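The values are calculated or read from the model by the stated rules, or taken from the named source; none is laboratory data. Remember, it's a predicted structure, so these values are computed and weren't measured experimentally. Neighbour counts run over all protein chains shown; Cβ positions are idealised from the backbone, glycine included.
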Amino acid sequence: MLNVVLSYIDHHSAGIACREGFSFSRSAAAALYPALLAVPGVRGAVLLSTCSRTELYFSLEDGAAASPWRELCRACGRDPAAAEPLFSTLRGHEALRHLCELASGLLSQIWGEDQILAQVKDAIALARESHAADSILEVLFRTAVTAGKRVRTEVPFHRDNGGCADAAAAQVQKLAAGGRVLVIGNGTMGRLTAQRLCAAGFRTQMTLRRYKYRVATAPPGVVPVEYEDRYRAMDGCAAVVSATVSPHHTVVLEPFLAVPHRPPLLVDLAVPRDIDPRIAALPGVRCLDIDQLGAQARDPRREEAERAARAVIRECMDDFDKWYAYRARARGAAAS
C-alpha cells in the first residue's frame, strides 16, 4: 500500500490573512527539512508553498502515521486545535491524484494557469537539494509533472487567462485610466506583470534591487527605478502592483500617506502580503489581493476540458502504479 500522506491549506479553506501565516520562502522551506526528516516514521518530505496554498507531503515507513498538518502548525507556531479545520488530508492514491490535478492547473485560483507546474518542479528540486525527497516522492512528483505537461499539450482547454500576471494586468487595464504604473519586484511574477502592462500601453516602471553577485535589468520598454525610491516613483501613478517574496510589507501605510498624489489602485500578488492591509481602508484607494484576482465565474467550457484532463491524469497514475508494483516485486525478490 502506498504510504504517502498529504496535508494542505488553500484558498478554498482559508483567506489570505490566514494562509500567509503558513507560507514559506525557499530558504525557510530548506531550513525546515531537517526537522521534518526527524519526525518518527518519515522517510521523505516535500513542502510546496505558493500564494494560494501550502502543502506538505510525507512518505512514511510501513505502519507509520505522522501528521503533516501538525508539523506545519509546529513550524509556524500555530495552535493545532484552531488550525485543524483549515487543513485537508489525503492519503495514498488520493494524494497522487490531487498532486496531478494541481500540476495540471485544475486546482488553481486562476484556472489553468501555467505557473503552478514550475512551482511543483521547484518544490521537488528543493527537497532533493535538501536530501529530503525519497524515491517514492521523486516518482510521485515526476508523475505529476508529466501529467501537467501532457494536459497542457494534449488537452485543448480554455484558460481563463495566463495566470496572476495576466489577471493583474487585466484589472489595471479595467480599473486604471491609463498613464503610468509601478511594479514592485523584479522576480518572475514582477517581470511578467511589467511586460503585460507595457504591452497594454502603460508607461511602466519596475523596481530593481542591487545584488552583490549579479546585475538586475528591467524588461525591454520598462523603466527601472531603485527599490528605495519606490514611494517617490508611485507619486502620480495610476496603479501600483507589488509581487515580491519579501517577508515584510513593501508598501507601508505611513510613507504611503506621505505620497503627494497617491495611486488609486494597488494590486498585491504576494503571500505574505506586500501591501500594508491598513491602506485598504483609505478613502479613494482600492486594494486587490490574490484572492480577489482569483475570484471568477466558472466558464462552461471547462467541463469537457476537465474530463479530458482527468483522463490524462488516470493514464499517468496507471504508469505510477506499474512502477510501484514493479518496485514491490523487486523488493520482495531481494528479501527472499
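Just one of 105, 112, 92 is out of contact with any Asp or Glu (no Cβ under 8 Å at 6 or more places or on another chain) and at positive phi; which is it?
Every option except 92 fails the conditions.
Would you check which residues across region 72-115 are closer than 21 Å to residue 18 by Cβ, touching a Leu at 6+ places or on another chain (Cβ under 6 Å) and in a helix (DSSP H, G or I) and list them?
72, 75, 98
Are any residues in region 20-60 in contact with a strand residue (DSSP E or B) (Cβ under 6 Å, 6 or more places away or on another chain) and part of a helix (DSSP H, G or I), and if so, which ones?
22, 29, 36, listed by residue number.
Would you be able to say whether some residue in region 297-307 is buried (at least 18 other Cβ atoms within 10 Å of the Cβ) and at pLDDT 95 or above?
The answer is no; no qualifying residue exists.
Across region 30-56, what is the number of residues that are farther than 11 Å from residue 132 by Cα and crowded, with 16+ Cβ neighbours inside 10 Å?
Total satisfying the criteria: 10.
Being farther than 27 Å from residue 25 by Cα and of a type in the set (Gly, Ala, Ser) narrows it down to one of 169, 238, so name that one.
238
Which of the residues belonging to region 236-258 are over 18 Å from residue 186 (Cβ atoms) and in contact with a Lys or Arg (Cβ under 8 Å, 6 or more places away or on another chain)?
Passing the criteria: 236, 238, 253, 256.
So which helices (runs of 4 or more DSSP H) are wholly in region 219-336 and hold at least 2 residues that are under 23 Å from the mean Cα position of the chain (by Cα)?
Output list reads 290-294, 302-335.
Checking residue 94 against (1) of a type in the set (D, E, K, R); (2) surrounded by 19 or more Cβ atoms within 10 Å (Cβ to Cβ); (3) within 16 Å of residue 318 (Cβ to Cβ), which single condition isn't satisfied?
(2)
Right, residue 139: aliphatic (A, V, I, L, M), closer than 21 Å to residue 5 by Cα, within 20 Å of the chain's Cα centre (by Cα) and not in a strand (DSSP E or B) or not?
Criteria not met by residue 139.
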